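The values are calculated or read from the model by the stated rules, or taken from the named source; none is laboratory data. Quick caveat, the model's predicted, so the values are computed rather than measured. Counting neighbours? That spans all protein chains shown, and the Cβs are built from the backbone with ideal geometry, glycine included. Note: areas computed on protein heavy atoms with side chains; ligands, DNA, RNA excluded. Shrake-Rupley method; radii C 1.70, N 1.55, O 1.52, S 1.80 Å.
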Amino acid sequence: MSNRMWGGRFASGPDAIMAEINASIDFDKTLYRQDIAGSKAHVAMLAQQGIIAAEDARAIDAGLDAVKTEIDEGRFVFSRELEDIHMNVESRLAELIGPAAGRLHTARSRNDQVATDFRLWVRDTIDDLDAALADLLQALAEKAESHAATVMPGFTHLQSAQPVTFGHHLLAYAEMVGRDRGRLADARKRLNECPLGSAALAGTSFPIDRFATAHALGFDRPGANSLDGVSDRDFALETLSAAAIAAVHLSRLAEEIVIWCSAQFGFVRLSDRFTTGSSIMPQKRNPDAAELVRAKTGRIVGALNTLLIVMKGLPMAYAKDMQEDKEPTFDALSSLSLAIAATAGMVRDLEPDVKALRKAAGQGYSTATDLADWLVRVVGMPFREAHHVTGRAVAAAAEKGIALDKLPLEALQAIDARITAEVYDVLTVERSVKSRTSYGGTAPQNVRRAARTWLKRLTKEAAAKAGAV
């Protein structure tokens, strides 16, 4: 049996294998809200332009509402024989309202229809992701403000470098999340052109009003080229690129949480809400939420690679290859949404062990740079000479097995007679972080100010959105 929606050209139905590879309804039914919204905008425009009768348009609009209700309530029966969400909706519409349903597809193609649906879905999802990232940003800023003066070791090469504060460390991720929101906002701005009316590839001879449908669907404008309208997937690629970068940021924080939770570090504790036990070792508390966030990054980066490879060799305009754009995009953005929520939950849940962090911050002669800076600032040494003197001081402390601030003054003066007792004012980790007052530095006053700036910005955003609703 030929497909009853487009079977006039074919004498027999597709082979079972062809039907299997061709059908997309199992995943593109996700687009039903966008598909119906696009159809409602299209039919309203057709009636406005006098292309179809107002009576038919009203019947189609009401029928589309009925179809949406059936799907919302789980009463709709999706058919793989009808291939995709577009044909499933149109077929059911015909059952509900009769021949008038056949007028809906006037002046459009499944090519511009799916491009419009997919853009609408990606746009909606960007808005949801932005809200989730804003929540994560708030969690980071709140925790950072609470621990603006909590000293911890700062690392380079995962080796003790200089003391920082726990709040400062968290605000580094706040900066990353802020950039992630910016990238998604940029992607949203560029995708906000409407493909509807591009038809199959060349536009249409019907006197349609593409500006009307674009406006009705919340787009800034219709796309300027019909070939590009049906064949462009930049909007998905750019969103996946932003998603992949965001996922990498989440993965870096997840990796640190995994390390920090280990007995060897013991920097933070996660509650039972974000950890699991072992089936055999009763003492274990595994940071599984963090590990899964770290792992989901692979799926998200993989989705970007998948779509890049799908698109790289396609000539103009639409090709069935593009059917492979939706599954990886759906999966990646869903995975990112879950990872963001889990990360925000862990940030709010984790409790730093202040004593353990303070102890670790003082290890590895982390205030050596403070000694070198003091020699430059107070004694007037060139930095390279100060670096050499400090290295000798560290060696002397290491030989005695003591911290740098416990090295006797006479031992320091044996290295350089110009060193005075004032040097001990800069050799504790608390004084070290307090001294880092340069813009963007780890001084507690800086951290509090930066955290509050983020929180004020988020409050202002929320108020603006509430006022716009």
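What to note about this one:
- With DNA, RNA and ligands ignored, accessible area of Ile245 (1.4 Å probe; Å², nearest 10): 60
- Cross-link reach list, lysines versus Lys326, counting only Cα pairs under 27 Å and skipping chain neighbours closer than eight places: Lys29, Lys40, Lys68, Lys189, Lys296, Lys312
- When each of the peptides 429-435, 393-399 is scored by the mean number of other C-beta atoms lying within 10 Å of its residues, the order from highest to lowest reads 429-435, 393-399.
- All lysines inside 26 Å of Lys400 as judged from Cα atoms, apart from same-chain residues fewer than 8 positions distant: Lys355, Lys359
- Electrostatic dipole magnitude of the chain [Cβ: Lys, Arg +1; Asp, Glu -1; Cα centre; debye, to 20]: 1380
- A convex hull fitted around the alpha carbon atoms of the stretch 365-435 yields 73 Å³ per residue.
- Label positions at Gln264 and Tyr439, each projected 7 Å from the Cα along the C-beta direction, are separated by 4.0 nm.
- In the stretch 304-407, the trypsin sites (Lys or Arg not before Pro) that fall in loop regions by DSSP, at most 13 other Cβ within 10 Å: Lys312
- Apolar share of the accessible surface for the chain: 54 percent from carbon plus sulfur atoms, 1.4 Å probe.
- About the centre of its Cα atoms, the stretch 22-103 shows a dipole size close to 160 debye [charges on the beta carbon of Lys, Arg (+1) and Asp, Glu (-1) only; nearest 20 debye].
- Accessible surface, the chain, averaged per residue in Å² (probe 1.4 Å): 48
- Once you reduce the stretch 380-444 and the stretch 236-275 to the center of their Cα atoms, the two points are 35 Å from each other.
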